[in-house]
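To keep things clear, I will list the structure first and then write my remarks on it.
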Amino acid sequence: MLLDLTLPTLAENLALDEALLLAAESAEQPTEVLRLWQPRERFVVVGRSSRVADEVELPECRRRRTPVLRRCSGGGAVVAGPGCLMYALTLSLRRRPRLQMIDQAHRFVLQTTAALLRNDLPGVKPAGTSDLALGDRKFSGNSLRVKRDHLLYHGTLLFDFPLACAAALLKHPPREPGYRQGRSHKEFLTNVPLTESQLRAALVAAWSAEVPLDPWPRELVARLVAEKYARQAWNFRR
């Protein structure tokens, strides 16, 4: 099923990804959903276990009034905003038991997405643990969260994003994939020469997500925002 929805605030948008996972886990929603959204403002999002001070240029974020938030999944810090398409997948581990193995989950999602993107952009390939790359430059970073019966897989797709922002707002990551070879954010990242519409169409086709999801878990989103995503205790807990 498909949920093409950008909510008013960043906290709500991050909460919705987790809410879709929790709703699937409790069988209140269909077990497999593709969600698409595009941020209306620039922000930094760190992984569940990230140390903000180790990964984020906080003085520059404050100077630019760039919010810093934390997601429910792992991985490192990224910058997102207009020109960056965000997606989230909830997948059933009962239907796809091999995805219980983290490396298999990364491989399956990245290969499935890359295969459809190659129709418009030859040369797209999975890279590192959880990236999609064009040549040797990253345009998509991804992370996951696994529950008992479902997983959440979500990430970014850069198509018209000011890449210099990443260099200004993020420190060099404490861990990096081998193919990065120590390159700076500016040297490592790229936008793909595709439109937002082309990226959306490729994702919908890759995951056969033509049927709209309705309703979506509004009350759960509101609760997660109040208890977690709008709270400094969560976003700056490390």
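Every read-out reported here was derived from the displayed coordinates using simple, explicitly stated rules and does not represent laboratory data. Since this is a predicted model, take the numbers as computed values, not measurements. Using ideal geometry, Cβ is built from the backbone for each residue, glycine included, and neighbour counts are taken over all protein chains shown.
Would you kindly derive the ³J(HN,Hα) couplings of region 67-77 from the backbone phi angles with the Karplus curve 6.51 cos²θ - 1.76 cosθ + 1.60 (θ = phi - 60°), listing them in order in whole Hz, with x for Gly and Pro?
x, 10, 10, 10, 9, 8, 9, x, x, x, 6
If Lys and Arg each add +1 and Asp and Glu each add -1, what is the summed charge of the other residues whose beta carbon sits under 14 Å from the beta carbon of residue 226?
0
What does the net charge come to around residue 34 if you take all other residues with beta carbon closer than 12 Å to its beta carbon, with K and R at +1 and D and E at -1?
-2
What number in nm² do you get for region 59-116 if you take the convex hull of its Cα atoms and divide its surface by four?
Details: hull surface 22.9 nm².
For the Cα atoms of region 59-116, the hull's average projected area reads 5.7 nm².
Please give the charge dipole size of region 2-235, origin at the Cα centre, charges +1 on K and R Cβ atoms and -1 on D and E Cβ atoms. Round to the nearest 20 debye. The partial results should precede the final answer.
On the way: 33 positive and 25 negative charges, 127 e Å.
For region 2-235, the charge dipole is close to 620 debye.
What distance in nm separates the two pseudo spin-label positions at residue 40 and residue 111, each 7 Å out from Cα along the beta-carbon direction?
Reported label-point gap for residue 40 and residue 111 is 4.0 nm.
Under a plain spin-label model, where a point goes 7 Å from the Cα along Cα-to-Cβ, how far apart in nm are residue 49 and residue 26?
2.7 nm
Suppose every K and R has +1 on its Cβ and every D and E has -1 on its Cβ; what is the size of the dipole of region 125-180 about the Cα centre, in Debye to the nearest 20?
Values: 9 positive and 5 negative charges, 44 e Å.
In total the dipole reaches around 220 debye.
If packing is taken as the average number of other Cβ atoms within 10 Å across a peptide's residues, how do 199-209, 180-190 rank, most packed first? Mind dumping the intermediate values first?
Numbers: 199-209: 18.5, 180-190: 15.7.
Answer by packing, highest mean first, reads 199-209, 180-190.
Can you give the charge dipole size of region 107-211 about its Cα centre, rounded to the nearest 20 debye, using +1 on the beta carbon of Lys and Arg and -1 on the beta carbon of Asp and Glu?
Values: 14 positive and 9 negative charges, 89 e Å.
For this selection, approximately 420 debye.
Ordered by residue, what ³J(HN,Hα) values in Hz, to whole numbers, does region 102-111 give under the Karplus form 6.51 cos²θ - 1.76 cosθ + 1.60, where θ = phi - 60° and Gly and Pro are x?
4, 5, 5, 5, 4, 4, 5, 5, 5, 5
Taking 0.36 nm per residue of separation and subtracting the Cα-Cα distance, what length does fully extending residue 184 through residue 232 add?
14.4 nm
Residue 138: which lysines have alpha carbons under 17 Å from its alpha carbon, excluding same-chain residues fewer than 8 sequence positions away?
125, 171, 186
Which ³J(HN,Hα) values, rounded to whole Hz and listed in residue order, are derived for region 192-197 from phi using the Karplus coefficients 6.51, -1.76 and 1.60 in 6.51 cos²θ - 1.76 cosθ + 1.60 with θ = phi - 60°, glycine and proline given as x?
7, x, 10, 7, 4, 4
Find which of 213, 181, 163 sits farthest along the positive direction of the dipole of the chain, computed with +1 on the beta-carbon of Lys and Arg, -1 on that of Asp and Glu, about the Cα centre.
181
Residue 100 to residue 175: FRET efficiency via 1/(1 + (r/R0)^6), r the Cβ-Cβ distance, R0 25 Å, to the nearest 0.05?
So, using R0 = 25 Å, E works out to roughly 0.60.
Determine the calculated [θ] at 222 nm for the chain from helices alone, applying -39500 (n - 2.57) to every DSSP H run no shorter than 4 residues and normalising by the residue count; nearest 500 deg cm²/dmol.
Calculated at 222 nm, the ellipticity per residue is -8500 deg cm²/dmol.
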